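A short write-up of the structure that comes next.
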Amino acid sequence: MPHTREAGRAAVPAATGDADKDRPLREDTRLLGRILGDTVREQQGERVFDIIEEIRQTSIRFRHDEDANQ
């Protein structure tokens, strides 16, 4: 049987509990990312935003590839 974590009265699988616990943080992170992206576009233009976005996506792919190779 998988490990469980108590959430209120009901026991839930640890992975589900962790995902639910982290949801507000992920939502806040996405909101801040959108605000930052909008600000970069407004202040520096679409070209600079595109460069930053390409770097961000490359970093995500690199991390994903590194995690997959471990």
* To do: Please name all residue pairs, on different chains or six or more residues apart, with Cβ atoms under 9 Å, provided the first residue is in segment 19-38 and is within 19 Å of E53 (Cα to Cα) and open to solvent by less than 100 Å² (accessible area, probe 1.4 Å) and the second residue is of a type in the set (D, E) and in a helix (DSSP H, G or I).
  => G37/E53
* **Hey, Q70 at pLDDT below 95 and exposed (fewer than 10 other Cβ atoms within 10 Å of the Cβ) or not** => yes
* Structure fact -> Flagged in segment 40-67 as out of contact with any helix residue (DSSP H, G or I) (no Cβ under 9 Å at 6 or more places or on another chain), open to solvent by less than 70 Å² (accessible area, probe 1.4 Å) and either of a type in the set (A, V, I, L, M, F, W, C) or assigned to a helix (DSSP H, G or I) (or both), in numbering order, are T58, S59
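The values are calculated or read from the model by the stated rules, or taken from the named source; none is laboratory data. All of these numbers come straight from a predicted model, not from anything done at the bench. So basically every Cβ, Gly included, is an ideal-geometry build from the backbone, and we count neighbours across all protein chains shown. Side chains are part of the model used for accessible areas, which takes the heavy atoms of the whole protein and leaves out ligands, DNA and RNA. Shrake-Rupley method; radii C 1.70, N 1.55, O 1.52, S 1.80 Å.
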